[in-house]
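Engineer: Pasting a structure here, questions to come.
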Amino acid sequence: MQQNFLISIEEKEKIFHTELVKYGVEYEQARKAAQILARSQPDELLSHQDRQIVTQACHKWSTERKRYKRIITSVVDS
């Protein structure tokens, strides 16, 4: 039996915010990006500023997450 779990926008915001901050995104930028991401709006409906905030936050998250994984991999492989 399949269960559908619905996550509220507020819960999505918390998850996104935690993940962004965990990988080095500045707290306030992470908060703004998390709010935007949690709403799940198409890019066309976002303002230029909102797209820029999300792009910068996600780029920082991606870069730092990859860096972290490389460090962990090198430690484990040692």
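The values are calculated or read from the model by the stated rules, or taken from the named source; none is laboratory data. What you are looking at is a predicted structure, and each value in this text was computed from that prediction instead of being measured. Every residue, glycine among them, receives a Cβ derived from its backbone with ideal geometry; neighbour counts consider all protein chains shown. Protein only, heavy atoms only, side chains kept; ligands, DNA and RNA dropped before computing areas. Shrake-Rupley method; radii C 1.70, N 1.55, O 1.52, S 1.80 Å.
Engineer: Give me the percent relative contact order of the chain, please, defined on Cα pairs under 8 angstrom at least 6 residues apart.
Structural biologist: 31 percent
Engineer: For the chain, what's the radius of gyration and Dmax over Cα atoms, in angstrom?
Structural biologist: 15.1, 48
Engineer: Another question, then. Please give the calculated 222 nm ellipticity per residue for the chain, where each DSSP H segment of at least 4 residues contributes -39500 (n - 2.57) and the sum is spread over every residue; nearest 500 deg cm²/dmol? Provide the component values of the computation, followed by the final result.
Structural biologist: Values: 3 runs with 57 residues, N = 78.
Theoretical 222 nm ellipticity from helices: -25000 deg cm²/dmol.
Engineer: Here is a further query. For S47 and K14, compute 0.36 nm times the residue count separating them, minus their Cα-Cα distance, and round to one decimal in nm.
Structural biologist: Numbers: separation 33, 0.36 × 33 = 11.88 nm, distance 2.21 nm.
Full-extension gain reported as 9.7 nm.
Engineer: Given +1 on the Cβ of Lys and Arg, -1 on the Cβ of Asp and Glu, and no further charges, what dipole in debye does the chain carry about its Cα centre, rounded to the nearest 20?
Structural biologist: 300 debye
Engineer: Accessible area of the chain with a 1.4 Å probe: how many percent of it is carbon plus sulfur?
Structural biologist: Reported share for carbon and sulfur atoms: 54 percent.
Engineer: So, one more: In nm, give the distance between the simple-model label positions of R65 and I7, each being 7 Å from the Cα along the Cα-to-Cβ direction.
Structural biologist: 1.2 nm
Engineer: Next up: Check each of the chymotrypsin sites (Phe, Trp or Tyr not before Pro) in region 1-56 and keep only those in coil by DSSP with at most 14 other C-beta atoms within 10 angstrom; list them in order. Don't skip to the answer; put the middle values down first.
Structural biologist: Working: sites: F5, F16, Y23, Y27; in loops: F5, Y23.
Passing both the DSSP loop test and the Cβ count: F5.
Engineer: I'd like to check one number: the per residue accessible area of the chain, probe 1.4 Å, reported in Å² as a whole number. Intermediate results must be reported in sequence, preceding the final value.
Structural biologist: Details: 6290 Å² over 78 residues.
It amounts to 81 Å² per residue over the chain.
Engineer: May I pose another question? So, in the chain, how many Lys pairs have Cα atoms under 17 Å apart, if the pair is 8 or more places apart or on different chains?
Structural biologist: Here the count comes out as 10.
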